[in-house]
Amino acid sequence: MPASKLDNATARRLFLHRHALAEPPEGPAQGADLGRLIHRLGFVQLDSINTVARAHDLILFARRPRYRPAHLGALHAPGRAVFEHWTHDAAVIPMEFYPAWALKRRRDAQTLRQRYRDWQRHEFEAEFDRVLGMIRDTGPVCSNDLGPDTPRKSGGWWNWHPGKTALEYLWRTGTLEICHRAGFRKYYDLSERVVPEALRAAEWGEAETIDWLMRGALDRLGFATSGELAAFWDIVTVKEARAWCAAALDRGEVVPVAVAGADGTWRAHVAFADIAEAADRAPAPPGRLRVLSPFDPALRDRNRAERLFGFRYRIEVFVPEAKRRYGYYVFPLLEGDRLVGRIDMKADRKAGVLKVTGLWPEPGVAFGATRLARLEAELRRIARLAEVEAVVFAPGWLREAGG
């Protein structure tokens, strides 16, 4: 039997606290303060879609409204407080975590070479010497510096030209690093020019790395299944995560805990032994309404979010327009410890406005005068992030609850 139980309200409160969403969205948002926030989250996912703001910018803005995109750029270059690599997707990660990604780089080296050969059908390895020679001689390069892009009917990675594939492989396996971005275009440089020598030279064994990753994931999730722990950084396998959980349970470092879902069902998890005290310390989230990125850390695991909040979210970017239930890129709305709706909007920077085309409340949620005032205040804040001057609403924008 589980040693502890968390009712749904307590579980939501703890989970949001671990994701820096259970405190007022305020405070400094650049330099070391921003670095500490990213450290607390573990990583921030990068995404190129910019209907309102890019995912990484909105993730940080939801927690620190003083944040602006240039603040993250300053941490990346010249600050070197973060590096880019992959978790479940491309992400910015605290630079001090770099040694833990040696395991990821080794595993990528084993899998990506054959995958790129099979799927892209060109000899990208022949580009290694040319790419590295150019970077040594002339400094950082982007993919366009290596030759014209192959026409991209679908915009997919499978249409990378050989030089671009070489850059990505050398980056994913540790010879190169992304040193900065211009717009969203990546520039690559030699790792020794980007990562401090002490971090590059650190030698962590596989067991040490897995232990560090599992502890870090559990600390940020609060409670988790072995599959959720493995998926957090997406470096450790589920088999390795299960073995770690079993050993940690035997040592008494973690305990079983049953967590209630939004539908009242209970699910077995593990948590650190101080889970009851940690849950008691977690503050009640403020009532302020916030727009979240679809890639917010609190929503990254769609199934976990659905269990905890009763909020089913699927991004519809790749769904044909006629088949979309909501919209191309719809933003979840967080209020207190509830996800109360989703909103479809886009910044028209030429016209200087944020256009709201639809808002779908969750079942049982009414957008009366008080909640609408909270929404309008948040949209004015979002407009400033998007660098537009006004918010406009399309006719019939407030839809029926639940779509």
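The values are calculated or read from the model by the stated rules, or taken from the named source; none is laboratory data. Please read these numbers as outputs of a predicted model, since none were measured by experiment. So basically every Cβ, Gly included, is an ideal-geometry build from the backbone, and we count neighbours across all protein chains shown. Areas reflect the complete protein model, heavy atoms only, side chains present, ligands, DNA and RNA absent. Shrake-Rupley method; radii C 1.70, N 1.55, O 1.52, S 1.80 Å.
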| task | Mind checking which of 329, 340, 318 is farthest towards the positive end of segment 318-357's charge dipole, using Cβ charges of +1 (Lys, Arg) and -1 (Asp, Glu) about the Cα centre? | result | 318
| task | Assuming R0 = 45 Å, can you tell me the calculated FRET efficiency for the pair residue 106 and residue 263, based on Cβ-Cβ distance, to the nearest 0.05? | result | 0.65
| request: Could you go through segment 45-58 in sequence order and give the Karplus-derived ³J(HN,Hα) for each residue, using 6.51 cos²θ - 1.76 cosθ + 1.60 with θ = phi - 60°, rounded to whole Hz, and x for Gly and Pro? | output: 5, 9, 8, 8, 5, 9, 5, 10, 8, 5, 3, 4, 5, 5
| said: Rounded, prolate or oblate for segment 305-349? Axes are the square roots of the Cα gyration tensor eigenvalues, ordered a ≥ b ≥ c, and the cut-off for rounded is a/c under 1.5. | reply: oblate
| remark: Residues whose built amide H sits under 5 Å from the amide H of residue 271, excluding neighbours closer than 5 in sequence, are 255, 257
| task | Using a 1.4 angstrom probe on heavy atoms only, work out the carbon and sulfur share of the accessible area of segment 215-271 in %. | result | 54 percent
| Per-residue HN-Hα couplings for segment 167-177, Karplus 6.51 cos²θ - 1.76 cosθ + 1.60 at θ = phi - 60°, whole Hz, x for Gly and Pro? | 4, 5, 5, 5, 6, 4, 9, x, 6, 10, 10
| request: List the residues whose amide H sits under 5 Å from the amide H of residue 180, counting only those 5 or more places along or on another chain, with H placed 1.01 Å from N in the peptide plane. | output: 187
| Between segment 349-381 and segment 262-316, what is the C-alpha centre distance in whole Å? | 23 Å
| Per residue solvent-accessible surface (Å²) - the chain, probe of 1.4 Å | 44 Å²
| field | Amide H within-cut-off set for residue 326, under 5 Å, with H built and near neighbours excluded | value | none
| task | Give, as a single signed number, the net charge of other residues whose beta carbon lies under 14 Å from the beta carbon of residue 73, with Lys and Arg counted +1 and Asp and Glu -1. | result | +4
| Say we join alpha carbon atoms closer than 10 Å with springs in a Gaussian network model of the chain; which of 279, 53, 11 then has the biggest fluctuation? | 279
| said: If you split all Cα-Cα distances of segment 282-403 into 5 Å bins from zero, what percentages do you get per bin, shortest first? | reply: 2, 10, 20, 25, 22, 14, 5, 1, 0
| message | Just to confirm the filter: which chymotrypsin sites (Phe, Trp or Tyr not before Pro) across segment 292-349 are DSSP coil and have at most 11 other Cβ within 10 angstrom of their Cβ? | response | 318
| request: Please list 89, 280, 47 in order of solvent-accessible area, largest first, computed with a 1.4 Å probe with all protein chains present. | output: 280, 89, 47
| task | For every helix of n ≥ 4 consecutive DSSP H residues, a contribution of -39,500 (n - 2.57) applies; sum these over the chain, divide by its total residues, and give [θ] at 222 nm rounded to the nearest 500 deg cm²/dmol. | result | -12000 deg cm²/dmol
| note | Sparse-neighbourhood loop hits (trypsin sites (Lys or Arg not before Pro), segment 1-73; DSSP loop; Cβ within 10 Å at most 15 others) -> 66
| query | How many nm is it between the label spots at residue 312 and residue 26, if each spot is 7 Å from the Cα in line with the beta carbon? | reply | 3.9 nm
| message | Using Cα springs under 10 Å in a Gaussian network model of the chain, which residue among 228, 277, 335 shows the largest mean-square fluctuation? | response | 277
| remark: Cα extents of segment 317-386 along the principal axes, largest first, in whole Å, come to 31, 30, 18
| Accessible area of segment 25-91 belonging to carbon and sulfur atoms, whole % at 1.4 Å probe | 53 percent
| task | Determine the gain in length on full extension of the stretch residue 377-residue 322; use 0.36 nm per residue of separation and subtract their C-alpha separation, reporting nm with one decimal. | result | 16.6 nm
| Shape metrics for the chain, restricted to C-alpha atoms - Rg then Dmax, Å | 22.1, 64
| Rounded to whole Hz, the Karplus (6.51, -1.76, 1.60) HN-Hα couplings of segment 325-332, x for glycine and proline | 7, 10, x, 4, 8, 9, 9, x
| query | What pairs in 104/346; 239/323; 186/346; 323/355; 164/355; 323/346 have C-alpha atoms more than 28 Å from each other? | reply | 104/346; 239/323; 164/355
